[in-house]
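Any read-out appearing in this document is the output of simple, stated calculations on the displayed coordinates, not a laboratory observation. Every value quoted in this text rests on a predicted model; they were computed, and no experiment measured them. All Cβ positions, glycine included, derive from the backbone under ideal geometry; neighbour counts span all protein chains shown.
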Amino acid sequence: MNAQPRRVEHLQTDKGSVPVYTTAVIEQPWSSYSREDHATWADLFERQQKILVGRAASEFIENQQRFGMTPDAIPRFDDLNRVLKKATGWELIGVEGLLPELTFFEHLANRRFPVTWWIRRPDQIDYISEPDLFHDLFGHVPLLLNPAFADYMQAYGCGGVKAHGIGADALVNLTRLYWYTVEFGLIKQDDGLRIYGSGIVSSKGESIHCLESPAPNRLGFDLTRIMRTRYRIDTYQKTYFVIDSYRQLMDATAPDFTPIYAQLAQQDSIPAGNVLQGDFVYNRGTGEGWLNDGDI
């Protein structure tokens, strides 16, 4: 354990912003959070709680309540872990910033979810290039109480460790799966399309854009389609993929991906904004879907 945790962010260079990685696991320095830190948590929490009414998946909101998350103060990891370990056997661990891929996969494979210990500054309220405490706790942690989603996250970690040994192309394919499910996934509920991806629920603008803008595509979940689809990290998404249930994620992760990686190596990647023949397309307003029988 590191007794004096650092705040590790992207480094600004003459070539632009570059990621900086750290492997340290730290105790949450809860007593060191300033009034400004707690106020930032409160501002972000209250803003997103209002925006997510009628937009977020019902289980996401319910699980935040199960954890006892409130805007009053930054949650203590120890308090959350008591609930989480009992429910699904997962544990939150404190980290200083971005983790190397293999380190991240190994934590997930062992049911440890890394949470950045520090929260963004007030001038970073609307955008920060790396995950901070608000993104990790508010966005990711609630769904770890869902058994099927919790199993999916562990299976993903195991798959990541394996892909790391296969090569860079396999990692690209697997990263796209994480991006379009864990970070930017939508789910079809009885009352329409709803958000479960952490990158959306922790973002004011993306929470509105993903469901209400006519611009992005909303396509049915398809494992190989997702693994072929490129994405951008500096704009709102051009495509979102919709699952029917969290169990669908776990079922999709069950097969050995090795032959899938070999198949994908023979195919071109797909630009994020494209809709292809055979895609299942959802209507943004009603949540109804249809099979695209021609390029649109």
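Just a few scattered comments:
- Per-residue Cβ neighbour counts within 10 Å put M69, M153 in the sequence M69, M153, beginning with the fewest.
- Under Stokes-Einstein, with the Kirkwood radius over Cα pairs as Rh, the value for the chain at 4 °C and 1.567 mPa s is 66 µm²/s.
- Percentage relative contact order, the stretch 97-240, counting C-alpha pairs under 8 Å, at least six apart: 22
- A run of the chain free of exposed loop cleavage sites, with trypsin sites (Lys or Arg not before Pro) counted only in DSSP states other than H, G, I, E and B and at most 15 other beta carbons within 10 Å, reaches its longest extent at 77-229.
- In summary, the lysines within cross-link reach of K238, defined as a Cα separation below 21 angstrom excluding same-chain residues under 8 places away, comprise K188, K204.
- Placed amide H near G287: partners under 5 Å, 5+ positions off or other chain: L193
- Set of aspartates and glutamates with alpha-carbon distance to K50 below 15 Å, sequence-local pairs under 8 removed: E62, E206
- In plain terms, if you count all Cα to Cα distances in the stretch 138-182 and split them into 10 Å steps from zero, the share in each step is 26, 50, 22, 2 percent.
- Amide proton proximity set for D279, modelled H, under 5 Å, gap of 5+: N292
- Helix 168-178 vs. the chain, principal-axis angle (Cα, 0 to 90°, nearest 10): 80
- Where chymotrypsin sites (Phe, Trp or Tyr not before Pro) in DSSP loops with at most 13 other Cβ within 10 Å are excluded, longest remaining stretch of the chain: 128-296
- For the chain, the relative contact order comes to 16 percent (Cα pairs under 8 Å, sequence separation of at least 6).
- A cut-off of 5 Å between modelled amide H atoms, ignoring neighbours fewer than 5 places along the same chain, links T239 with N217.
- Semi-axis lengths (Å, descending) of the ellipsoid that matches the C-alpha gyration tensor of the stretch 156-296: 24, 17, 15
- Isotropic mean projected area of the C-alpha convex hull, the stretch 233-275 (nm²): 4.5
- Environment charge of K162, counting only residues whose C-beta is closer than 15 Å and scoring Lys/Arg +1, Asp/Glu -1: -4
- Aspartates and glutamates whose Cα lies under 19 Å from that of K15, excluding same-chain neighbours fewer than 8 positions away: E130, D234
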